[in-house]
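The values are calculated or read from the model by the stated rules, or taken from the named source; none is laboratory data. Note that this is a predicted model, so its numbers are computed, not measured. Using ideal geometry, Cβ is built from the backbone for each residue, glycine included, and neighbour counts are taken over all protein chains shown. Quick note on the areas: whole protein, heavy atoms, side chains included, nothing else; ligands and nucleic acids left out. Shrake-Rupley method; radii C 1.70, N 1.55, O 1.52, S 1.80 Å.
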Amino acid sequence: EDFVAPAPPPPTISDFAAAVQSHIDDAARSRGYNDSVSLASYVNSTLPQWAAEASAFVAWRDAVWIDAYGELGKVQAGQRALPTIDKMIAELPKIDWPAA
């Protein structure tokens, strides 16, 4: 008989949360910041460009979490199938960085 490995367990809420946080941190790093916390800390910067980036980022970060938890809530309520983590990340809102 051929051995068939069991399917991996479905991702947990913690797995999704870690992936979303990683996605958010990657967005901050794409602009040269250490992570999301670092970028968000510039929201009151005296440099207009940094303040604008941080403001746009914080609004986007909030929208991402609202969307992610809303979609996971639909899964828990039986309103949609459990997506893969990659599909969930692809469905999240895209950030609109301010012009430099």
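Just checking the listed ones, Ser45, Ser36, Ser14: in the Gaussian network model of the chain with Cα springs under 10 Å, the one fluctuating most is Ser14.
Report which label in [x] 1.03; [y] 1.13; [z] 1.07 holds the value of Rg/Rh (Cα atoms, Kirkwood Rh) derived from the coordinates of this structure. Correct label is [y].
Do you know the relative contact order of the chain, to the nearest whole percent, from alpha carbon pairs under 8 angstrom that are 6+ apart? This gives 27 percent for the chain.
Roughly what angle does helix 13-29 make with the longest principal axis of the chain, taking Cα atoms, 0 to 90 degrees, to the nearest 10? Approximately 30 degrees, to the nearest 10.
For the chain, the list of GluC sites (Glu not before Pro) that fall in a loop by DSSP and count at most 16 other C-beta atoms within 10 angstrom reads Glu1. Extents of segment 21-67, taken as max minus min of Cα coordinates on every principal axis and listed largest first, are 30, 19, 13 Å. On a C-alpha basis, how far is the centre of segment 54-97 from the centre of segment 38-53 in Å? Whole number, if you could? Comparing the Cα centres of segment 54-97 and segment 38-53, I get a distance of 24 Å.
Take segment 9-100 with all the other protein chains still there, run a 1.4 Å probe, and you get 59 Å² of accessible area per residue.
Per atom type, the chain shows carbon and sulfur on 57% of its accessible surface, probed at 1.4 Å. Relative to the Cα centre, the charge distribution of the chain, modelled as +1 at Lys and Arg Cβ and -1 at Asp and Glu Cβ, gives a dipole magnitude of about 340 debye. A 1.4 Å probe over all protein chains sorts Val64, Val43, Val4 by accessible area into Val4, Val43, Val64, starting with the largest.
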